[in-house]
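Worksheet for the structure shown next.
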Ligand code: 0L1
Ligand code: MG
C-alpha cells in the first residue's frame, strides 16, 4: 500500500458521499499520484463495508471496461471489477431518477447467474460455463463520480467502477445452450437503435470477463459464491441518457429488458 489507512478511509468516505449525494469530484489520483492498485481496491472495499454496515446487501459483481469499444472510449487497456448492492437494482421496465445521478450512461451487457462457487486462480471460460446457471440481458447504468468522466483506471476502481444502477430481465436461458460469442444485441434509445454488437466484443467471449473477475477475486483470497449475478461488461460504448429517455436492450434469443429515465 502506498497510502496510509486514514487516507484510504477519507477517500472512501469522500467517494461514497459523492455517490450518495450525486456530486462530482476531481479524480483522486490528482491529489494522490502514488496511489497503488491495492489502495484503489482497498478504497472500493471500504465503500462496500460502509454500505453493508448501513444495511445494504451484496447483489452481485461487475466487470467493466471489458470491450475494445469501451477501452477505446475511455483510453484504457485493462478491465476493472466492482460490486453491486441492492440499492442499485432497478426492476425490469422500472424508472431511474436522473436527479439522483450525476451524468448517467447505459451499457448493454450479458449477465450471468452462477449455480456453483467459482475460485481462482486458473478460472477459464469452460469453468465459468460449467458453473453458470442462466444468462440474461442486463442494462448497466454507470455514473462516474469524476467530473466529465475524466479519470484514470485506479481512480475508477476506487469509485467502484462507476456502478450506480442496473436492470436485468428478458428471457433467462441456459448458459450452455447459446453461443454467447455470436449472440447479437441492439440497444435502443427512444425507439432508435443507438448501438449494435455481439457477445464476442467482450474479451472474445463474455464468460472470459467472468473468469477474469474470479481470478481477480482469487488473488484477493476471495471466491465467487454460488448464486452470484455478474454483469460481464458493456458490449458497446456507453450511451449517455437524460430524463425522458426510454432504453431497451434486445438480445438475440433472450428477449428484451427496458428502463426509463425520469
Ligand atoms: O462498467 C463499465 O464498463 C464502466 C467502468 C468504469 C468506467 C466508466 O465509467 O466508463
Ligand atoms: Mg458495465
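The values are calculated or read from the model by the stated rules, or taken from the named source; none is laboratory data. Nothing here was measured: the structure is a model prediction, and the numbers come from that model. Reconstructed Cβ throughout: ideal geometry from the backbone, glycine too, with neighbour counts over all protein chains shown.
Could you figure out which of (1) touching a helix residue (DSSP H, G or I) at 6+ places or on another chain (Cβ under 8 Å); (2) part of a loop (DSSP other than H, G, I, E, B); (3) under 20 Å from residue 241 (Cβ atoms) isn't true of residue 69?
The number of the failed condition is (2).
Which residue pairs have Cβ atoms under 8 Å apart, sit 6 or more places apart or on different chains, and have a first residue in the stretch 1-13 that is without any contact (Cβ under 8 Å) to a residue 40 or more places away in the chain and a second that is surrounded by fewer than 14 Cβ atoms within 10 Å (Cβ to Cβ)?
Going by the 8 Å Cβ cut-off, the qualifying pairs are 2/34; 2/36; 3/34; 3/36; 8/1.
Specify which of the listed residues (59, 50) is more than 12 Å from ligand 2 (Cβ to nearest atom), surrounded by fewer than 20 Cβ atoms within 10 Å (Cβ to Cβ) and within 14 Å of the chain's Cα centre (by Cα).
Just one listed residue meets the conditions, 59.
I'm trying to understand the selection: among the residues of the stretch 145-158, which are within 16 Å of ligand 2 (Cβ to nearest atom) and either in a helix (DSSP H, G or I) or within 11 Å of the chain's Cα centre (by Cα) (or both)?
Correct list: 149, 153, 156, 157.
Please go through the stretch 227-255 and pick out each residue that is surrounded by fewer than 18 Cβ atoms within 10 Å (Cβ to Cβ), in contact (Cβ under 8 Å) with a residue 60 or more places away in the chain and more than 19 Å from the chain's Cα centre (by Cα).
242, 243, 252, 253, 255
Which one of 165, 181 is surrounded by fewer than 24 Cβ atoms within 10 Å (Cβ to Cβ), assigned to a strand (DSSP E or B), modelled with pLDDT of 95 or more and touching a helix residue (DSSP H, G or I) at 6+ places or on another chain (Cβ under 8 Å)?
165
In the stretch 45-82, what count of residues is obtained for those that are closer than 12 Å to residue 160 by Cβ and within 12 Å of ligand 1 (Cβ to nearest atom)?
Final tally of qualifying residues: 6.
Would you say residue 225 is within 16 Å of ligand 2 (Cβ to nearest atom) and modelled with pLDDT of 95 or more?
no
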